[in-house]
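What follows is one structure encoded as structure tokens, with my remarks underneath.
The values are calculated or read from the model by the stated rules, or taken from the named source; none is laboratory data. Remember, it's a predicted structure, so these values are computed and weren't measured experimentally. Please note: Cβ atoms are built from the backbone with ideal geometry, for glycine as well, and neighbour counts cover all protein chains shown.
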Amino acid sequence: MMRHLNLIIVVAVLLVAVILSTIGAGSMHALKSRFISNQAPFVEAGSAIKKKFEATTRGIKTLDQLEEENSDLITQNKELLAENQLLRGKEEENQKLREALDYLKKDPKYKLLPARIVSRDASAWWNTVKINRGFEDGVDNDMTVITETGLVGKVTTVAKNESVVLLITDENCKVAVKIAGTQELGILSGKRVQSADKPELVINYLTKNAALEPGQEVFSAGVSGGIFPPEIKLGKIQSFHTRELDGQAIVTPAVDIPNVEDVFVVMGAK
Amino acid sequence: MKNVTIFFSLLVCIFLSLIIEQFIPPLRVFGSARVDLVPIFFCYGALLLPFPFAILLAFLTGLFVDLSTLQFSGGHVEIALGWSIFFYVLFASLLQGFRPFFLRGRWEVHAFASGIYAVLFITAQFVMITFRRGGIEVSPLVISKILVPGSICFLLSPVVYFSAKMMGAMPVKRRVRQY
């Protein structure tokens, strides 16, 4: 009797799983959005704790570095060295913010919304991050996310105060690109499996005889009906090789994806 | 009543694990593998709780994991909601067979279950995205991304087991019926 009951429970639960798998992408999107909204306070708290922790470890690192520097610069003015020690951490942060603000002022073409990365996807096969902006801030699906140095990715899920951004290092994030100084066009995407330290991007569908050199810059092509605006920097060519039907280039991303913290959501043309 | 308390405690632990995992950086020494904490709590519950509770825990864990990992691309979902539930429920049913050993205090059952489950789950995800995207890619990086989380689960499981035991979550040793 008990075994029959257990079997019924398993079958019922599996049936619910099957029913859930048949619901449309829109409903799944709504469910995920609600789940992210529920997680948001915990993620925010986690992000704040992580930031404090990192600030502490950065302080320790700076002292180590300063110790090294101290031995090299022993002849230099002691007063100046001490001042540097105190200001180093703050100056770095200040510089970052200044660069971001400059970029915000400089770029007149698009309306940009500053955002901060609050967490990173823990799964093994997907490259996504969560940012602290959601539909309450006007963020919508497929909006482009950039930094002052280049393209970061696109928004794939929007919750109330948080959004999921698919990074360009993910195989599913495909961007039409052009190579500076050439007529070459191709499709750029991330690799399925790659190291978190030095992510690489791949451009497929280049012509076989494309004369590409390492160091050439790659920009978004901005095709009509596409998501990404034109002329956003993606990276630099690292290597090029021909395949049976096309040419393939490996690209070093312009943005330091593993360490990026502050980003901008492109809200649309001004 | 104790089962209900353990069930809800584990559910909270699983929910929090999904959040904590997001803040643990990838292990750069081991091919950027990620730390997976959910299997540790899930396997503990699947081994400790009676069948209906274990299945309910598996269902909710699968749902949480699915909602965390759902990926949308071009208006499509890469791996549909529900498949994790399927996987978690099947594994919970299987683990119930090892429950008598676990209840007799065999902590290594939990450690092996967590490690094996983490490996199986990540492999299943990889197989599914491989089918979906096409092109098989097997490299040392893929293997480390699969095996390292399993090894970490295996190593961390005793910590959870003995912590839970200290908090009184472990059952009293039962005498096995002699036939």
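Couple of notes before you dig in:
- Set A:145, A:152, A:129: member being under 23 Å from residue B:27 (Cβ atoms) and not aromatic (Phe, Trp, Tyr): A:129
- Residue in the range B:66-76 that is more than 8 Å from chain A (Cβ to nearest Cβ) and touching a residue at least 24 places away in the same chain (Cβ under 8 Å) present: no
- Test: residue in the range A:146-154 that is surrounded by fewer than 20 Cβ atoms within 10 Å (Cβ to Cβ), without any contact (Cβ under 8 Å) to a residue 60 or more places away in the chain and among the hydroxyl-bearing types (Ser, Thr, Tyr): no
- Cβ pairs under 6 Å, 6+ apart, first in the range A:1-20 and assigned to a helix (DSSP H, G or I), second of a type in the set (S, T, N, Q) and modelled with pLDDT of 90 or more: A:10/B:93
- Checking the range B:109-116 against the condition returns no match, with no residue being within 14 Å of another protein chain (Cβ to nearest Cβ) and not β-branched (Val, Ile, Thr).
- Note on the range A:121-172: enclosed strands (runs of 3 or more DSSP E) holding 3 or more residues that are closer than 22 Å to residue A:41 by Cα and within 13 Å of chain B (Cβ to nearest Cβ) are A:128-131, A:151-158, A:163-167.
- Scanning the range A:174-200 for residues that are in a loop (DSSP other than H, G, I, E, B), away from every other protein chain (no Cβ under 14 Å) and either among the aromatic types (Phe, Trp, Tyr) or surrounded by 16 or more Cβ atoms within 10 Å (Cβ to Cβ) (or both) yields a single hit, A:184.
- Test: residue in the range A:217-230 that is surrounded by 19 or more Cβ atoms within 10 Å (Cβ to Cβ), touching a Leu at 6+ places or on another chain (Cβ under 8 Å), away from every other protein chain (no Cβ under 14 Å) and over 21 Å from residue A:147 (Cβ atoms): no
- Selection from the range B:137-160 of residues that are among the aliphatic types (A, V, I, L, M), more than 10 Å from chain A (Cβ to nearest Cβ) and crowded, with 18+ Cβ neighbours inside 10 Å: B:147, B:152, B:156, B:160
- When A:162, A:231, A:217 are checked against the criterion of being over 22 Å from residue A:125 (Cβ atoms) and modelled with pLDDT of 90 or more, a single residue qualifies: A:217.
- The range B:18-61 - residue that is among the hydroxyl-bearing types (Ser, Thr, Tyr) and crowded, with 24+ Cβ neighbours inside 10 Å and, of those, nearest to the other protein chains (Cβ to nearest Cβ): B:61
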